[in-house]
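Have a look at the structure below, then the notes.
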Amino acid sequence: MLKIAIYGKGGIGKSTITSNLAAAFAVQGKRVIQIGCDPKADSTINLLGGEPLLPVMNYMRENDDDPTLEQIAREGFGGVLCIETGGPTPGLGCAGRGIIATFNLLEDLRLFQTWKPDVVLYDVLGDVVCGGFAAPIREGYAEKVLIVTSGEKMALYAANNINTAVENFEDRGYARVAGVILNHRNVLDEDEKVEAFAAEHGLPVVARVPRSDDITRFEDEGKTVIEGDPTLPVSKCFLDLAAALSNGEV
């Protein structure tokens, strides 16, 4: 089972990357789970036809009993099982604790044993790599980390913090950074800046996603580009990365 956490600065395109990668794995015949680990709870929306999913933390706030898997998960495009952790009421509580509570619930529900996925993707906010947001790294849920960045200064700053956080857990046999995904914003010397960052940390640039109006067009329809048109060049980026990960090349 491939277990991959995708980190990056808020707004850098993690959810777009993650959901398209999930869809790419699915069309290649893999059984996939995507878990959104962000209080905005919008990671899986483009796998679900634009319909938001009830986050786990919302259910737990509104009900006295623990939910069943059917109440907090829904299958989307390609059979991808979608789950959103959500977060606390804005201004009240710690969003990171929502991730930990959700992971504990999924263990109680024996999600991985019963659903038997080939691939699990965690879409994780990377602005703050505190205890909760670091759970996919330090609790052994993920084996590999992919860092999404552009050539923008703050995106690279966040990428550096994420890489440092992962390195702090390396001696415990936890997840390792497998590479960097360049999500182009068309800033000056973008490729060179990201390549320099990756080289400094000994990391490969495993995918380069072009800035594409097709992504926006299909997201307006509640779709990934993989669902919208898998023959597009931007779709090929995700399909190639999924194949490389499946084959152990990343």
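Data for the structure
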{"quantity": "Failed criterion for residue 163 (all others in (1) buried (at least 16 other Cβ atoms within 10 Å of the Cβ); (2) free of Cβ contacts under 8 Å to residues at least 40 places away in the same chain; (3) polar (S, T, N, Q) hold)", "calculated": "(2)"}
{"quantity": "Among residues of segment 62-73, those that are surrounded by fewer than 18 Cβ atoms within 10 Å (Cβ to Cβ), free of Cβ contacts under 8 Å to residues at least 40 places away in the same chain and either out of contact with any helix residue (DSSP H, G or I) (no Cβ under 9 Å at 6 or more places or on another chain) or within 24 Å of residue 10 (Cα to Cα) (or both), counted", "calculated": "4"}
{"quantity": "Qualifying residue in segment 54-63 (condition: more than 25 Å from residue 134 (Cα to Cα), among the β-branched types (Val, Ile, Thr) and at pLDDT 90 or above)", "calculated": "no"}
{"quantity": "Helices (runs of 4 or more DSSP H) contained in segment 125-211 and holding at least 1 residues acidic (Asp, Glu), within 28 Å of residue 87 (Cα to Cα) and out of contact with any strand residue (DSSP E or B) (no Cβ under 7 Å at 6 or more places or on another chain)", "calculated": "153-167"}
{"quantity": "Single match in 170, 139, 143, 152 (criterion: at pLDDT below 85, of a type in the set (D, E, K, R), surrounded by fewer than 23 Cβ atoms within 10 Å (Cβ to Cβ) and in contact with a Lys or Arg (Cβ under 7 Å, 6 or more places away or on another chain))", "calculated": "170"}
{"quantity": "Residue check, residue 24 surrounded by 17 or more Cβ atoms within 10 Å (Cβ to Cβ), touching a residue at least 40 places away in the same chain (Cβ under 8 Å) and not in a loop (DSSP other than H, G, I, E, B)", "calculated": "yes"}
{"quantity": "Filtered residue count, segment 212-232, keeping only those that are part of a helix (DSSP H, G or I) and among the small types (Gly, Ala, Ser)", "calculated": "1"}
{"quantity": "Test: residue in segment 142-157 that is among the charged types (D, E, K, R), touching a helix residue (DSSP H, G or I) at 6+ places or on another chain (Cβ under 7 Å) and closer than 22 Å to residue 35 by Cα", "calculated": "no"}
{"quantity": "Residues of segment 172-207 satisfying the condition of being aliphatic (A, V, I, L, M), in contact with a helix residue (DSSP H, G or I) (Cβ under 7 Å, 6 or more places away or on another chain), under 11 Å from residue 149 (Cβ atoms) and without any contact (Cβ under 8 Å) to a residue 40 or more places away in the chain", "calculated": "180, 182, 205"}
{"quantity": "Residue 210 vs. criteria surrounded by fewer than 19 Cβ atoms within 10 Å (Cβ to Cβ) and either among the hydrophobic types (A, V, I, L, M, F, W, C) or in contact (Cβ under 8 Å) with a residue 40 or more places away in the chain (or both)", "calculated": "no"}
{"quantity": "Members of segment 233-249 found to be surrounded by fewer than 17 Cβ atoms within 10 Å (Cβ to Cβ) and either assigned to a loop (DSSP other than H, G, I, E, B) or of a type in the set (Ser, Thr, Tyr) (or both), listed by number", "calculated": "247, 248, 249"}
{"quantity": "Scope segment 1-17; condition under 19 Å from residue 161 (Cβ atoms) and part of a helix (DSSP H, G or I); matching residues", "calculated": "14, 17"}
{"quantity": "Yes/no for residue 114 being assigned to a helix (DSSP H, G or I), buried (at least 21 other Cβ atoms within 10 Å of the Cβ) and either modelled with pLDDT of 95 or more or not aromatic (Phe, Trp, Tyr) (or both)", "calculated": "no"}
{"quantity": "Restricting segment 13-43 to residues that are hydrophobic (A, V, I, L, M, F, W, C) and at pLDDT below 95, the residue that is nearest to residue 97 (Cα to Cα)", "calculated": "37"}
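Residues are listed down the side, and each one gets a yes or a no for (1) surrounded by 17 or more Cβ atoms within 10 Å (Cβ to Cβ); (2) part of a helix (DSSP H, G or I):
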| residue | (1), (2) |
| --- | --- |
| 36 | yes, no |
| 40 | no, no |
| 52 | no, no |
| 57 | yes, yes |
| 60 | yes, yes |
| 86 | yes, no |
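The values are calculated or read from the model by the stated rules, or taken from the named source; none is laboratory data. Small disclaimer: the values here were computed from a predicted structure and weren't measured. In this analysis, Cβ positions are derived from the backbone assuming ideal geometry, glycine residues included, and neighbour counts consider all displayed protein chains.
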